[in-house]
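*Asks:* Submitted below is the structure of interest, expressed as structure tokens.
Every read-out reported here was derived from the displayed coordinates using simple, explicitly stated rules and does not represent laboratory data. As the structure is a computational prediction, the values presented were derived from the model and not from experiment. Backbone-built Cβ (ideal geometry, glycine too); neighbour counts: all protein chains shown.
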């Protein structure tokens, strides 16, 4: 069947199998491989993307269901070489170890902060119930979410002095 | 994992959904949020030949005040039930319990009607709606009918819905008796409940204590007779038929039912002001 999705602002039309899952559409058709397949059973959250701005697990959505809708993946967060605040927070707070859960964690936190811009630590922890980190690196992931929301002194890169561009250069 | 092949149809209206269901008969399944059905299809525990996607039917997503009841469209997502100010004010048990389903991503997709029609006794909302005496509205090719939730669930994944009949609305009476609680016990945060308990006033319903959600009638009778929460809760496993499985034995589930019912009744009575 023909599907028509907007992925990271770009229109993608493709003829796909009716049973194609959104995560495979993103990885194999759109060639965007930041989104990982982890458990494949709606548990781990590694495949989390935004559908019309809200976090969903793309292993449990059909590409056909997403046709006509807007998808944002991790690749769609940075603009003009400047990392999204949540990406910067992960870098500054060392919010990752092996990195496999990271794209899903970042997308889940972007969605969480859209719904609740200044969450408490407890709200961050319950808000990330759907994302598993098998390195058990949760502490710094939670710190990254809080820093991105302006907690824990906020982002270093967001203070008036150091320019955002310099921060990105150092980190890349 | 990839589901076995099927043909995808997107319904443009509730009427078209019913027509498609009539056309394809028992080979077809309705697809709402898909967070119960798609995992079963990936595991090949379900293999419908046709999926009728209801996701575009925005007219079935609403929460409206009907005076003595609140009407909820069957395609209202858990996230929207959780954040409904009307429900938070009038039926806080339902808003709270919807916020306990799965995780945020699942609540962004899963729907109240899908959860009820799927009829998994381990799901939270069927038991919550049973405690609240909800009425379900189903549409078939010959018109609509109302079904009391007490008659709706027939067994594991079985309901009184006829093939092709579409659940369109859940009507929940505003509770006469204040005091509510929802308790569930899970292994991991996002798991189905090993056991759960919903309490509204003197009405008590159990999650995952049999093939369908159950009213804890012995607990309700004890409460009506003036028993204390802990004395009433001692009857929580009476009349149940909990399964033993990889997560828990039947005996453990019966123990949990008593403990969680006691906690739920105590919390509910603390909320009566």
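*Asks:* Taking neighbour Cβ counts within 10 Å as the exposure measure, how do A:141, B:246 sort from fewest upward?
*Replies:* B:246, A:141
*Asks:* For chain A, modelled as a GNM with alpha-carbon contacts under 10 angstrom, which of A:61, A:37, A:110 fluctuates the most?
*Replies:* The residue with the greatest mean-square fluctuation here is A:61.
*Asks:* Classify the range A:1-73 as rounded, prolate or oblate, taking a ≥ b ≥ c as the square roots of the eigenvalues of its Cα gyration tensor: rounded when a/c is under 1.5, otherwise prolate if a/b is larger than b/c and oblate if not.
*Replies:* Verdict is prolate for the range A:1-73.
*Asks:* Assuming 0.36 nm per residue, please report the length gained on full extension of the stretch residue B:271 to residue B:86 beyond their Cα-Cα distance.
*Replies:* 64.8 nm
*Asks:* Pick from B:169, B:254, B:85: which is most flexible by mean-square fluctuation in a GNM of chain B where alpha carbon atoms under 10 Å apart are linked?
*Replies:* B:85
*Asks:* Here's something else I'd like to know. Taking the Cα centre of each part, how many Å lie between the range A:35-66 and the range B:178-253?
*Replies:* Their Cα centres are 33 Å away from one another.
*Asks:* P(r) for chain B, please, calculated from all Cα pair distances in 10 Å bins and given in %.
*Replies:* Each 10 Å bin holds this share of Cα pairs: 7, 30, 35, 20, 6, 1.
*Asks:* Could you work out the helix-only [θ] at 222 nm for chain B, with each DSSP H run of four or more residues adding -39,500 (n - 2.57) and the total divided by the number of residues, to the nearest 500 deg cm²/dmol?
*Replies:* -9000 deg cm²/dmol
*Asks:* Let me ask something else. Is chain A rounded, prolate or oblate when judged by the Cα gyration tensor, a ≥ b ≥ c being the square roots of its eigenvalues, rounded requiring a/c under 1.5 and prolate requiring a/b larger than b/c?
*Replies:* Prolate, since a/c reaches 1.5 and a/b exceeds b/c.
*Asks:* Please report the antiparallel percentage of the DSSP beta bridges confined to chain B, to the nearest 5.
*Replies:* Restricted to chain B, the bridges split so that about 80 percent are antiparallel.
*Asks:* Here's something else I'd like to know. Roughly what % of DSSP beta bridges within chain A run antiparallel, to the nearest 5?
*Replies:* Expressed as a percentage, antiparallel bridges in chain A total about 90.
*Asks:* Sort B:93, A:21, B:40 so that the residue with the fewest other Cβ atoms within 10 Å of its own Cβ comes first and the one with the most comes last.
*Replies:* The order, fewest Cβ neighbours first, is B:40, B:93, A:21.
*Asks:* Return the percentage of antiparallel bridges among DSSP beta bridges fully within the protein assembly as shown, rounded to the nearest 5 %.
*Replies:* Antiparallel bridges make up about 85 percent of those DSSP assigns within the protein assembly as shown.
*Asks:* Using 1/(1 + (r/R0)^6) with R0 = 56 angstrom and r between the beta carbons of residue A:82 and residue B:49, what's the FRET efficiency to the nearest 0.05?
*Replies:* After rounding to 0.05, the efficiency reads 0.70.
*Asks:* If you take the beta carbon distance between residue B:249 and residue B:71 as r and set R0 to 35 Å, what does 1/(1 + (r/R0)^6) give as a FRET efficiency, to the nearest 0.05?
*Replies:* 0.30
*Asks:* A further question follows. Which of these, B:108, B:235, B:35, has the largest mean-square fluctuation under a Gaussian network model of chain B (Cα springs below 10 Å)?
*Replies:* Top of the fluctuation ranking is B:108.
*Asks:* Mind grabbing the base-10 log of I(q)/I(0) for the range B:114-257 at q = 0.14, 0.16 Å⁻¹? Debye formula, identical points on the C-alpha positions, no solvent, two decimal places.
*Replies:* -0.66, -0.84
*Asks:* In Å, what Rg and Dmax follow from the Cα atoms of the protein assembly as shown?
*Replies:* Reported Rg and Dmax, both Å: 22.8, 73.
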